[in-house]
Amino acid sequence: MNVRVPTGIKGLDEILNGGFVPASSYLIVGAPGTGKTVLALQFLTESAKKGASCLYITLAEPEESLRRNASVFDFDLKDIVMVDLSEAFEEDLPEGEYSVFSPAEVEGEPIWKQINDAIETHSPQRLVIDSATFLRYLSTDEYQFRKHIQGMVNRLSAKKCLTLLLFEPLELEKDVSLAMAVDGILTLRNETSENRLTEIRTIEVNKMRSFSFMTGRHPLRITNRGIVVWPHRIEKLKEYTYERKMVQSGIEGLDELLMGGLSSGTCTLISGPAGAGKSTLALQFLTTAAKEGQKGVYYSFEEGLASMLERCNAIGIPFQKHIEDGLITFREINPLEQYPDEFLEMLRHDMEINGVNMFVLDSLRGYNMAMETFGSVIANMQNIINYTRRNMASLFIVNEQEMITGNLQITDMGVSYVADNVLLIRYAEVEGRVIKVISCLKKRIGNFQPDLRELIITSQGLKVGKKLHQLHGLLTGVPTTDTIHLPKNPDREDGHEG
């Protein structure tokens with residue numbers, strides 16, 4: 001049985017497949033400010049809550065300063081024994097060159113003895129040494145350091161003590177002896193994005209002796225409660241065994257075009273130029289589902305709630321009503337403050353905890369702004385789609401096209417192929433006026449009518465007219481015909497903007 005010790009850090013236990021291995025030693029590597037001390041204190045705090053004896057030996061920072069800095073977080077350190085050797089370390093640092101004395105005479109034997117004495121006195125089950133880098137400074141060669149560190153690691157393992165050794169990355173590059181001695185290595189990073197002025201914090205497991213773990217860099221954030229990690233999961237698509245239901249828009253002409261609606265558990269891309277009614281159409285699907293008692297979430301990367309409510313109230317979409325009755329949740333996402341895995345975790349929580357089965361992501365451009373730093377937007381989007389498909393949830397993605405008319409391009413990011421369904425809205429000039437035209441270009445499950453129909457946004461909501469006959473080239477925005485005739489539609493309101 002693989003027994004693990006929880007780290008106390010949300011997300012990290014999943015990466016480590018349950019936590020640290022008992023009686024093992026781990027190297028926590030990171031430059032100053034990456035969160036090594038926070039991770040160590042969070043781990044000890046969690047262990048102390050469960051009754052483990054915990055010891056924190058500080059070589060780098062005085063205990064008073066350490067406790068003052070820890071007070072920023074919700075850590076209870078009363079059950080953690082602190083041994084402050086920072087002053088003793090300074091006294092042991094040799095001055096000048098080593099030309100007169102042998103290495104054994106100047107390598108800081110008293111510090112090693114004080115560490116061993118502290119371990120013997122307190123018999124900890126959990127130990128942190130902050131920072132083991134300083135122990136490296138006391139050794140004049142790799143052999144002496146390896147001898148001491150390997151001996152200490154072996155003794156701690158024999159005592160069934162789980163140990164974290166904090167270390168600087170540059171020193172680890174110079175000397176691999178410590179990396180060889182420990183059972184696992186975790187690396188913390190704090191980097192600046194190349195295309196935005198924001199920090200990107202990650203954690204990576206570089207080594208885990210004899211046990212599996214999740215590879216790759218996983219984003220993290222440091223909060224007043226400590227470190228939160230969002231594991232980078234690869235969502236796999238499984239075969240469905242569920243019975244599919246029909247997802248309808250509530251717009252008679254559109255549901256007719258879709259021959260009953262869209263299948264549940266699919267991803268629908270709604271693409272079109274600015275102002276064409278893409279977001280409004282997505283809201284129409286969401287509110288129609290809410291009328292049937294289904295829960296939905298609208299993730300907005302661009303528009304605020306006040307603006308959205310004002311727009312919906314003007315055209316008769318009961319968005320506010322369903323927000324108030326709890327069937328629809330509106331989440332405003334700042335694209336400059338979101339990790340892809342953090343967003344996916346939010347979506348998972350909405351589905352698994354809040355019971356949501358319909359999602360709107362508005363828009364693909366905003367999502368791309370948030371996610372492009374972390375790799376391919378297609379890969380991140382595929383992760384979301386695989387998750388929603390596997391759980392039979394419906395996902396609507398709003399995409400803005402640059403071109404108002406002209407050559408047809410569903411998206412400029414090449415993600416249309418991952419969608420199950422594609423609804424396209426275009427502008428067209430007919431009889432001296434600009435109209436909106438909607439069509440279905442793709443429906444993976446079930447049939448649809450390959451018609452081009454007029455989309456009208458009225459004060460009573462969205463309307464979809466009959467098929468536009470005798471018109472050619474509508475998708476270019478400049479249709480031609482021998483006899484141009486726009487079907488009479490009483491729902492059209494001249495000058496109304498959608």
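Just so you know, all these numbers are worked out from the coordinates, no wet-lab data involved. The model shown is predicted, which means the values in this text are computed figures rather than measured ones. Quick reminder, even Gly has a Cβ in these numbers, built from the backbone with ideal geometry, and neighbours come from all protein chains shown.
Structure data summary
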read-out: Estimated inter-spin distance, Arg331 and Gln144, nm [label 7 Å along Cα→Cβ]; value: 5.5 nm
read-out: 15 Å beta-carbon shell around Leu441, net charge (K/R +1, D/E -1); value: +4
read-out: Compactness of the stretch 12-229 - radius of gyration and Dmax, Cα, Å; value: 17.3, 53
read-out: Fraction of alpha-carbon pairs over 16 Å apart in the stretch 337-378 - percent; value: 40 percent
read-out: Helix-only mean residue ellipticity at 222 nm for the chain, each DSSP H run of n ≥ 4 adding -39500 (n - 2.57), per residue, nearest 500; value: -9000 deg cm²/dmol
read-out: Length gained when the stretch Met259-Gln449 is fully extended (0.36 nm per residue, less Cα-Cα span); value: 67.7 nm
read-out: Ascending count of other beta-carbon atoms within 10 Å, so fewest first, for Tyr137, Tyr56; value: Tyr137, Tyr56
read-out: Sequence of His472, His148, His122 once ranked by neighbouring C-beta atoms within 10 Å, starting from the fewest; value: His472, His122, His148
read-out: Sites Arg67 and Phe211, calculated FRET efficiency, Cβ-Cβ separation with R0 56 Å, nearest 0.05; value: 0.95
read-out: Computed over the chain: relative contact order in percent, which uses C-alpha pairs under 8 Å that are six or more apart; value: 14 percent
read-out: Cβ-derived FRET efficiency at R0 22 Å, Arg225 paired with Asp79, nearest 0.05; value: 0.75
read-out: DSSP bridge orientation in the chain - percent antiparallel, rounded to nearest 5; value: 45 percent
read-out: Debye log10 I(q)/I(0) for the stretch 246-476, one point scatterer per Cα, at q = 0.08 Å⁻¹; value: -0.27
read-out: Peptide ranges 357-364, 453-460, 295-302, 67-74 listed from the most packed, as the mean C-beta count within 10 angstrom indicates; value: 357-364, 295-302, 453-460, 67-74
read-out: Highest-first arrangement of 14-26, 303-315, 367-379, where packing means the average Cβ count within 10 Å; value: 14-26, 367-379, 303-315
read-out: Estimated D of the stretch 308-399 in µm² per second, where Rh is the Kirkwood radius over Cα pairs and Stokes-Einstein applies at 37 °C, 0.692 mPa s; value: 230 µm²/s
read-out: Angstrom value of the Kirkwood radius, inverse mean 1/r, which spans all Cα pairs in the chain; value: 26.5 Å
read-out: Extension reserve of the Glu292-Ile234 stretch, reckoned as 0.36 nm per residue once the Cα distance is removed; value: 17.6 nm
read-out: Fewest-first ranking of Asp79, Asp117, using other Cβ atoms within 10 Å as the exposure measure; value: Asp117, Asp79
